[in-house]
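First up is the structure itself, then whatever we jot down about it.
The values are calculated or read from the model by the stated rules, or taken from the named source; none is laboratory data. As the structure is a prediction and not an experimental result, all values here were calculated from the model. Note that we place each Cβ from the backbone using ideal geometry, even for glycine, and neighbour counts take in every protein chain shown.
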Amino acid sequence: MVSHEGIQAAVYELPLSKERPEDFQIKGSKGPLPESLLVQNILWFCRFRWLVIATLVSYGTLGLFPGLTGYFRIRPPGAWPFITALVLTLSNLAFLLFARTKHSPARTMLNLWSQIVGDLVVLTVVVYFVGSLETNIAFAYLFHIVLSCVFFSRRQSLIVTVMAIGMFATCITAEYVLKLLPSMSIFAHTSHEQDSSQVLAILTLDFFLAIGIWLVVWHLASHLSSMVRQRDFELAETNRRLMAAQEERSRHMLATTHQLKAPFAAIYSNAQLLLQGYCGNIPDEALRVIQRITARCRRLTAEIQEMLQLANLSSTSQESLPRTKIVSTELLLWCMSQVDPVARERGVVFKTDIRPVAMIGTEDHFKMLFVNLLSNAVIYSHMNGQVQVSCRRGPNSEPIVTIVDNGIGIPAHKLSHIFEEHYRTKEAVQHNKESSGLGLAIVKHVAEMYSIRIRVESRLGFGTRFELTFPSSRESSGSNREGETKWLIS
Amino acid sequence: MAYLLIVDDDEDFASTAATVLRKDGHDVQIELDTDDAAQSMESKPPDLLILDVMFPEDASAGFELARFMRHKSEKLKNVPILMLTAINVKFPLGFGPHDIDDHWLPVTDFLEKPVDFDVLKRKVANLLHGDSTAD
């Protein structure tokens, strides 16, 4: 490069495409759930807590009836179920209020951790009163351990597990080792009063067994949860890539349309200049060549358009397009108006019996469907023929649209192929060379998207009848009449 | 006779359209990009702008020019715009007359490429007479 004084050389370095960090999936899989999901779960926890409160109140109420406690051989619990239920009720109301106010990630996590710590404290109180080692109540801690494995990262769930173990151990130590608290149980008589040393050994074993089981459960649940979450993130990432690819594809298709159609537009324009005499007189033979060029340009442009429509319909994003209520009369009249110029050229007239019926779908898709069917009906009609278009409600109020022509018809053995891409019968090619063979493939795609049943009946040389039954219809059945062929897609 | 400006990066197409419209008695100017078109219009506003959508440097430069004229230029805001597009106007891939919107797509009418010159002449005549709805 020659250097010039006073002129700064511009430099640009092509950046490498952004690479995803290698540890993205692992990082993602170890993190907690998204905030919106956590908020939903806060509300779910609160609802579940009402059940616990109801159980505690029921148990406390039971204790008010000595006959009942005697029958079940349990001690009257006294006031503790009501006090814990009250504490849980107040804290639950506070959590609900907190969750329903405007949330941020930090507030959501604070709410969740407050619930967990509060629940563990209340549970430890309940465990003490119910009988920390005399009953299996201590396994209620497993709820918290498993749920924390599901909703939190592995490290956070381990913290919850250690907290549960710590609180349970404190309760046991205060109750049995330091004897700071009297030994409690819901049962009227407990066996350890008879042989304290043997019972203590059993209780110690029970204690360590319970903690061992919790740790194993934590390990398994957190491991499985990590795997599920990793899969979740992988799916989310794959989905994101697919969406990006789809978006790129749409942009590419748009650019392709332009790139392919623009040159044809220029060729067509120049051919028109010659045809219309803007460049002076041209011999008849040359004019015929130019007419063929013009016709070919039109046909190629139409083919490109159909290919793009078909590709577009095949993409999944089309399924998410908004569906609206479409009135059959407006839709079919619009579609007929699109086909009308060709119909007039061929002297084909429409005979209509269209009753207003509502259909649900994406208007452009239904337009594609009917324009293709109507233009086929017109194109494959004989000159000065007639195309009947009708719309009515079926027995279950389902819209049924029928398009009947008295054209060239389709041979029986070829009916099953007419919806294939680029398929054209020999008879169709002889009748009309201008088709791409994609029209009915487009019809098939739209029918599949909206579960529209299409019944085709045809008699070679006499015409074809397409009957479209929109969803919520019962599958119509009928036997073939002699000399007629029927084909059904759904 | 009216002064028409064709803005299209496809010189072949623009010159053929210009030939046809000149034959109809109009004074036709061609610009191959939207920046030059904006400058040209500032000095001499056309009676009608025939505008392509996609340009090599910006796939939506045609939209941008239309929005600039309608919303930022006092001088050009009333110039009728006939938008030419190679993108399908009938079905979902592109856009069509139902998408004309004062903010998003402030044009007067659409014409799909390849253009039939009889249709082009009819549309131009209609737009010059202030009728944006006739075909």
Next on the checklist: Give me the residue from the stretch A:33-81 that is in contact (Cβ under 8 Å) with a residue 24 or more places away in the chain and among the basic types (Lys, Arg) and, out of that set, nearest to A:VAL150 (Cα to Cα).
Outcome noted: A:ARG49
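Filter the helices (runs of 4 or more DSSP H) completely within the stretch A:64-144 down to those with at least 2 residues that are within 20 Å of A:LEU203 (Cα to Cα) and not β-branched (Val, Ile, Thr). Don't jump to the end; show me each part of the working.
Numbers: elements: A:66-72, A:80-100, A:105-130.
Fully inside the stretch A:64-144 and qualifying: A:105-130.
In the stretch B:1-89, which helices (runs of 4 or more DSSP H) lie fully inside it and hold 3 or more residues that are within 14 Å of chain A (Cβ to nearest Cβ), farther than 30 Å from A:MET368 by Cα and modelled with pLDDT under 95? Working first, answer last.
Details: elements: B:11-23, B:34-43, B:61-72.
Where helices (runs of 4 or more DSSP H) fall fully within the stretch B:1-89 and carry at least 3 residues being within 14 Å of chain A (Cβ to nearest Cβ), farther than 30 Å from A:MET368 by Cα and modelled with pLDDT under 95, they are B:11-23.
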Checklist entry - List, please: which pairs have Cβ atoms under 9 Å, are six or more places apart or on different chains, and start with a residue in the stretch A:82-109 that is in contact (Cβ under 8 Å) with a residue 40 or more places away in the chain and end with one that is in a loop (DSSP other than H, G, I, E, B)? => result A:MET109/A:PRO32
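Would you check if there is a residue in the stretch A:379-397 being within 19 Å of A:ALA302 (Cα to Cα), in contact (Cβ under 8 Å) with a residue 12 or more places away in the chain and within 14 Å of chain B (Cβ to nearest Cβ)?
Within the stretch A:379-397, the subset within 19 Å of A:ALA302 (Cα to Cα) is A:379-380.
When the remaining residues are screened for being in contact (Cβ under 8 Å) with a residue 12 or more places away in the chain, the result is A:379-380.
Right, trim to within 14 Å of chain B (Cβ to nearest Cβ) and you get none.
So far as the stretch A:379-397 goes, no, none of its residues is within 19 Å of A:ALA302 (Cα to Cα), in contact (Cβ under 8 Å) with a residue 12 or more places away in the chain and within 14 Å of chain B (Cβ to nearest Cβ).
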Next on the checklist: Here are the criteria: (1) part of a helix (DSSP H, G or I); (2) more than 13 Å from chain B (Cβ to nearest Cβ). Tell me which single one A:THR256 does not satisfy.
Outcome noted: (2)
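Matching residues to (1) under 32 Å from the mean Cα position of the chain (by Cα); (2) away from chain B (no Cβ under 14 Å); (3) surrounded by 12 or more Cβ atoms within 10 Å (Cβ to Cβ); (4) modelled with pLDDT of 75 or more:
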{"position": "A:GLU193", "(1), (2), (3), (4)": "no, yes, no, no"}
{"position": "A:PHE208", "(1), (2), (3), (4)": "no, yes, no, yes"}
{"position": "A:SER225", "(1), (2), (3), (4)": "yes, yes, yes, yes"}
{"position": "A:ALA244", "(1), (2), (3), (4)": "yes, yes, no, yes"}
{"position": "A:PHE264", "(1), (2), (3), (4)": "no, no, yes, yes"}
{"position": "A:PRO283", "(1), (2), (3), (4)": "no, yes, no, yes"}
{"position": "A:LEU287", "(1), (2), (3), (4)": "no, yes, yes, yes"}
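Residue by residue, here is whether (1) touching a Phe, Trp or Tyr at 6+ places or on another chain (Cβ under 6 Å); (2) under 27 Å from A:GLY439 (Cα atoms); (3) surrounded by fewer than 18 Cβ atoms within 10 Å (Cβ to Cβ) holds:
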| position | (1), (2), (3) |
| --- | --- |
| A:ILE267 | no, yes, no |
| A:LEU273 | no, no, no |
| A:GLN291 | no, yes, yes |
| A:LEU308 | no, yes, no |
| A:ASN312 | no, yes, no |
Next on the checklist: If I ask for residues that are crowded, with 17+ Cβ neighbours inside 10 Å, in contact with a Phe, Trp or Tyr (Cβ under 7 Å, 6 or more places away or on another chain) and under 21 Å from A:GLN276 (Cβ atoms), which ones from the stretch B:20-52 would you list?
Outcome noted: B:VAL20
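Among the candidates A:LYS444, A:LYS426, single out the residue that is among the basic types (Lys, Arg) and at pLDDT below 90.
Numbers: A:LYS444 fails: at pLDDT below 90.
Criteria check complete, one pass: A:LYS426.
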Item to check | Residue among A:SER114, A:SER91 that alone is within 36 Å of the chain's Cα centre (by Cα), of a type in the set (Ser, Thr, Tyr) and modelled with pLDDT of 80 or more | outcome: A:SER114
Next on the checklist: List pairs: first residue in the stretch A:268-280 and more than 9 Å from every other protein chain (Cβ to nearest Cβ), second residue surrounded by fewer than 21 Cβ atoms within 10 Å (Cβ to Cβ) and part of a loop (DSSP other than H, G, I, E, B) anywhere in the structure, Cβ distance under 8 angstrom, at least six positions apart or on different chains.
Outcome noted: A:LEU274/A:ILE282
Checklist entry - Assuming A:ALA302 fulfils every condition listed in (1) facing another protein chain (nearest Cβ under 8 Å); (2) closer than 30 Å to A:LYS444 by Cβ apart from one, which condition is it? => result (1)
Next on the checklist: For the stretch A:161-186, which positions are on the phi < 0 side of the Ramachandran plot and of a type in the set (D, E, K, R)?
Outcome noted: A:GLU175
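Could you please let me know if A:PHE366 is in contact (Cβ under 8 Å) with a residue 60 or more places away in the chain and in a loop (DSSP other than H, G, I, E, B)? Steps first, answer last, please.
On the way: in contact (Cβ under 8 Å) with a residue 60 or more places away in the chain: yes; in a loop (DSSP other than H, G, I, E, B): no.
Criteria not met by A:PHE366.
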Next on the checklist: Report every pair of residues separated by at least 6 positions or lying on different chains whose Cβ atoms are under 7 Å apart, first residue within the stretch A:216-237 and of a type in the set (Val, Ile, Thr), second surrounded by 15 or more Cβ atoms within 10 Å (Cβ to Cβ).
Outcome noted: A:VAL217/A:LEU142; A:VAL217/A:ILE145; A:VAL217/A:VAL146
Next on the checklist: Could you check the stretch A:338-359 and list, in sequence order, the residues that are in contact with a Lys or Arg (Cβ under 8 Å, 6 or more places away or on another chain), among the aliphatic types (A, V, I, L, M), surrounded by 14 or more Cβ atoms within 10 Å (Cβ to Cβ) and not in a loop (DSSP other than H, G, I, E, B)?
Outcome noted: A:MET359
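Going by the structure shown, is A:ARG251 facing chain B (nearest Cβ under 10 Å), modelled with pLDDT under 80 and under 21 Å from B:LYS121 (Cα atoms)? Don't jump to the end; show me each part of the working.
Values: facing chain B (nearest Cβ under 10 Å): yes; modelled with pLDDT under 80: yes; under 21 Å from B:LYS121 (Cα atoms): no.
Taking the combined requirement at face value, the residue does not satisfy it.
Looking only at the stretch B:1-19, count how many residues are more than 18 Å from B:ASP116 (Cβ to Cβ), surrounded by 17 or more Cβ atoms within 10 Å (Cβ to Cβ) and aliphatic (A, V, I, L, M). Steps first, answer last, please.
Within the stretch B:1-19, the first condition is being more than 18 Å from B:ASP116 (Cβ to Cβ), and the residues that meet it are B:1-3, B:5, B:7, B:9, B:11.
Those left that are additionally surrounded by 17 or more Cβ atoms within 10 Å (Cβ to Cβ): B:5, B:7, B:9.
Still in the list and also aliphatic (A, V, I, L, M): B:5, B:7.
Within the stretch B:1-19, residues that are more than 18 Å from B:ASP116 (Cβ to Cβ), surrounded by 17 or more Cβ atoms within 10 Å (Cβ to Cβ) and aliphatic (A, V, I, L, M) number 2.
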